[in-house]
Amino acid sequence: MTADGIVGEFLALKSETDADLLAMQCGDFYEFFAEDAEFVGDELDLKVSEKSSHGSTYPMAGVPVDDLTPYLKALVERGYRVAVADQYETADGHAREITRVVTPGTLLETTDPAAQFLAAVVAVDGRYGLALADVTTGKFLVTTTDSAAEVIAELHRFDPVEVLPGPTVREGANDVLARVRDRTDASVTDHDEAAFAPGRAERALREQFGDAALDSVALDERAGIAAAGAILAYVEETGTGVLEALTRLQTYDSGDHLDLDATTQRNLELTETMHGDRDGSLLGTVDHTVTSAGRRRLREWLTRPRRDRTVIDRRLDSVGALAAAALARDRVREVLGDAYDLERLAARATSGSADATDLLAVRETLGVLPALAEAVSDSRLADSPLPGIVDRPDRETAAALRAELDAALAADPPKTVTEGGLFRRGYDDELDDLLDRYEEAREWLDGLAAREKERTGITHLQVDRNKTDGYYVQVGKSETDAVPEEYREIKTLKNSRRYTTDELEEREREVLRLEEARGELEYDLFRELRGRVAERAELLQTVGRTLATVDALASLATHATSQDWCRPAVVEPGPLVVEAGRHPVVETTTDFVPNDVDLRADRGFLLVTGPNMSGKSTYMRQAALIVLLAQAGSFVPARSATVGVVDGIYTRVGALDELAGGRSTFMVEMQELSNILHSATEESLVVLDEVGRGTATYDGISIAWATTEYIHNEIGCKCLFATHYHELTALADHLPRVENVHVAVAGEDADDEDITFLRTIEEGPTDRSYGVHVADLAGVPSPVVDRSRDVLDRLREERAIEARGAETGGGDDGGTTQAVFDLDAGTMRTRTAGDADASTESGDGASTESGDGASTESGDGASTERLDVSPDAEAVLDELEDVDVESTPPIELLSKVQSWQRRLDEPE
């Protein structure tokens, strides 16, 4: 159906944009029509009415012009792109056009303290370019890599709210975009392909940052230039006025930081748990920051730990000083509590959206800097790196800007910047003159009622003002006969009448002229003041980063003292030796049993065995988190710790089916393992919690065995490998760096069913598994648990297992069924006890018969007669009889088993 009139105009404008929604100004309201109205009605709980247009009706919902921002923010923070069409006057009346498109990555007015990164990913000449811009703070980062996995890891680390994929990264070209959708919650926007052209992108960068910018930051790769330029083009095209907020371009090398792939970040629950909650994550546990900027900085440190020992030690020195000086630390945190988010305020100033209260917040936060410097220098913190951190901003320039703002702004300015009331007296001579005349006019008006009462003798007389009548004299009806002749009636009310006079109208016109002149002058003065603040954006960002850094350091010190953490000795290179280490999150929720970790050069690979639920995974995660915290510059949960700097932490801990993406649990496990084996280096830490459990036993053992050999022999990194394959523990006798440790259990006798998991790590392998006990703890029904124990005992004693039917004790309707493994077929064959053609006996001289009469007897002087098997199976049996299990090395034995299995599986 074709619409005309205002709805037709709306639909026509909507067709011009690829935004999800359109808000069109209609006088004093922004309106949504048709499907957009129904949508925002549901999303924002707005009342939806109907608009008639040329014989048709359409849903309509609207918000006042002055209230659009919070509604826009609500929609955009939910991932929607909203176009805004503003109304302007023309010779024929008015017209409308789309002036901006607000998107998740270009929204300035967010209340979310987390960074709001807009990302662009480009693939050029076999290299990936990644650009990340946070328009709310002005941060703009660019890097390049040849690894798609590294791109995904960086996106997971920075957690952008919107991603712009380049032409060759979009679906159909490769799987990067699919992995972006899978691993992040970001909105994905297909921006104009031309914006990604390296030549056009380079011009955009030079226009934004100057000709020398690309050279000074060594941005010379086409992929990085294309990604950065595309972001600038997108921000400019949206028309949201935030391009000016991007004042500083920085390149970074991911090699400067600890390599944490997306899987590891998720497995270690750095910023959110597996369920998506902040509580229970590492960040949620150690975050005691008092500013939103400090919270962002702390998150950055935890997700991007450093490899530079100098940087790490400097942070540790600061944390140590703050931890040791409780009173000074409390004073620092008290001072920081008065700080606003200066990085975001700078972005609002440069974009022209800052109001007077924002500039007041800038003034107040600049005042925090000298107070912080005093708190640091006049305490035990004076000998730490903290004074150097606080001295990074130009404090003299910051003080001058604060003084200017203090002299300019009124104590309590209004939110609007066009109606006056923004400035103090004495700031501008012309404004002071206007204010003098305005106050003189207001004084005449304020005293008019008293003078008229005295002149006329009318007691019920007052002077007031409203938008409809302007200024007026109101007289009660009982005294209207006494009004002077010059009073002209303008309105009759129930109990009174309103009048005006020539002089009152003239005074009113003068007041209105003065108010208008004051509003215009103050707006001009405010824009000039805001412009001068914007010119100092880099200074404000530096001050903001300084305050955020101190806040993050104080947060780490606060947690360290409250949880009795120690300062790690960071060495390069070196071992990982932890005494009485703890899991930083778990220790806050339960009585934690500390454990040691000893990964030295001669024992850099620990095979960890023990029951399910005994704490193997927690033990390995805590080791990884202790390394991560140390390289982030934090104290660690341990009695003592020596941490050798690593270049990356790689984990494989459990796996979830991704059937929608065509990947089963085992496929996910193998892909994660593949990434680790390709990415880890001699300087890495690898944590493997089970490998090969998602397939057949021989396959799984073989993969786990070969993985152990490869990591030990080829990579040579530090490794913690938890496994239920007890066969792997034999590798400690053959590979020099492999050692066995296990989780201790009380009641480890084979016949002892009442066992207790002690949660302590001891040297050597475990003697057996405890799966049946764990099943009992999990509440599996007793008949199943009891039968499991019976079957387990028979397996341990190498006795036949009977498969029980529906009834026990035999009979025509069911009974006990024996399970016999058919070597030739590779399957279990069953028969019911008592069948005429087969029998099974146990004890001395036991015999087993198959349906065809073949038998095997054992006992003193027993004869052996084989089943009717194929020649291949016969050959395998002959070889099996010749094998000396006790003397054959485990690796050779497994190789033989695999060879036999392949031969038996081959079709005849």
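In table form, for the structure just shown:
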item: Odd one out for VAL102, checked against (1) surrounded by fewer than 17 Cβ atoms within 10 Å (Cβ to Cβ); (2) hydrophobic (A, V, I, L, M, F, W, C); (3) at pLDDT 90 or above; result: (1)
item: Near pairs, Cβ below 8 angstrom, 6+ apart or cross-chain, from segment 120-133 (acidic (Asp, Glu)) to any residue that is open to solvent by less than 30 Å² (accessible area, probe 1.4 Å) and at pLDDT 90 or above; result: ASP125/ALA223
item: Residue within segment 215-236 that is surrounded by fewer than 23 Cβ atoms within 10 Å (Cβ to Cβ), assigned to a helix (DSSP H, G or I) and at pLDDT below 85 present; result: yes
item: Pairs, first under 13 Å from ARG693 (Cα atoms) and part of a helix (DSSP H, G or I) in segment 655-683, second hydrophobic (A, V, I, L, M, F, W, C) and at pLDDT 80 or above, C-beta under 7 Å, six or more apart; result: LEU673/VAL691
item: The one condition in (1) under 21 Å from SER15 (Cα atoms); (2) open to solvent by 90 Å² or more (accessible area, probe 1.4 Å); (3) modelled with pLDDT under 90 that GLY79 fails to fulfil; result: (2)
item: Breaking point among (1) crowded, with 18+ Cβ neighbours inside 10 Å; (2) without any contact (Cβ under 8 Å) to a residue 60 or more places away in the chain; (3) within 26 Å of the chain's Cα centre (by Cα), for PRO305; result: (2)
item: Residue among ARG402, ARG442, ARG392 that alone is over 16 Å from GLU520 (Cα atoms) and touching a Ser or Thr at 6+ places or on another chain (Cβ under 6 Å); result: ARG392
item: Selection count where residues are buried (at least 24 other Cβ atoms within 10 Å of the Cβ) and polar (S, T, N, Q), scope segment 308-357; result: 2
item: Per-region count, segment 609-653, residues assigned to a loop (DSSP other than H, G, I, E, B) and of a type in the set (A, V, I, L, M, F, W, C); result: 5
item: Search result, residues across segment 702-751 that are under 19 Å from GLY764 (Cα atoms), of a type in the set (A, V, I, L, M), assigned to a helix (DSSP H, G or I) and open to solvent by 20 Å² or more (accessible area, probe 1.4 Å); result: ALA730, ALA732
item: Meets criteria (open to solvent by 30 Å² or more (accessible area, probe 1.4 Å), of a type in the set (Asp, Glu) and within 27 Å of ASP192 (Cα to Cα)) for ASP86; result: yes
item: Hits in segment 78-96 (condition: in a loop (DSSP other than H, G, I, E, B) and in contact (Cβ under 8 Å) with a residue 40 or more places away in the chain); result: GLY79, TYR80, ARG81
item: SER254 vs. criteria among the polar types (S, T, N, Q), without any contact (Cβ under 8 Å) to a residue 60 or more places away in the chain and open to solvent by 10 Å² or more (accessible area, probe 1.4 Å); result: no
item: Of the criteria (1) outside any strand (DSSP E or B); (2) touching a residue at least 60 places away in the same chain (Cβ under 8 Å); (3) charged (D, E, K, R), which one ASP67 fails; result: (2)
item: Single residue of LEU504, LEU521 found to be more than 24 Å from VAL417 (Cα to Cα), open to solvent by less than 70 Å² (accessible area, probe 1.4 Å) and either among the β-branched types (Val, Ile, Thr) or in a helix (DSSP H, G or I) (or both); result: LEU504
item: Hey, ALA201 touching a helix residue (DSSP H, G or I) at 6+ places or on another chain (Cβ under 9 Å), in contact (Cβ under 8 Å) with a residue 60 or more places away in the chain and either surrounded by 13 or more Cβ atoms within 10 Å (Cβ to Cβ) or assigned to a loop (DSSP other than H, G, I, E, B) (or both) or not; result: no
item: Complete set of residues in segment 172-198 that are closer than 15 Å to ILE152 by Cα, in a loop (DSSP other than H, G, I, E, B) and of a type outside the set (A, V, I, L, M); result: ASN174, ASP175, THR184, ASP185
item: Segment 762-775, residues that are in a strand (DSSP E or B) and modelled with pLDDT under 90; result: GLU762
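Residue by residue, here is whether (1) surrounded by 14 or more Cβ atoms within 10 Å (Cβ to Cβ); (2) under 30 Å from VAL335 (Cβ atoms); (3) of a type in the set (S, T, N, Q) holds:
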| site | (1), (2), (3) |
| --- | --- |
| ASP464 | no, no, no |
| GLY476 | yes, no, no |
| THR480 | yes, no, yes |
| ILE490 | yes, no, no |
| PHE526 | yes, yes, no |
| VAL533 | yes, yes, no |
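A quick yes/no check of all residues on (1) farther than 30 Å from ARG545 by Cβ; (2) among the hydroxyl-bearing types (Ser, Thr, Tyr); (3) open to solvent by less than 20 Å² (accessible area, probe 1.4 Å):
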residue: GLU396; (1), (2), (3): no, no, no
residue: LEU405; (1), (2), (3): no, no, yes
residue: ARG424; (1), (2), (3): yes, no, no
residue: LEU434; (1), (2), (3): yes, no, yes
residue: ARG437; (1), (2), (3): yes, no, no
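The values are calculated or read from the model by the stated rules, or taken from the named source; none is laboratory data. Everything quoted here is computed from the prediction, not taken from an experiment. A quick note on method: Cβ atoms are made from the backbone with ideal geometry, for glycine too, and the neighbour counts reach across all protein chains shown. When the accessible area is computed, the model is the full protein with side chains, heavy atoms only, and any ligands, DNA or RNA have been set aside. Shrake-Rupley method; radii C 1.70, N 1.55, O 1.52, S 1.80 Å.
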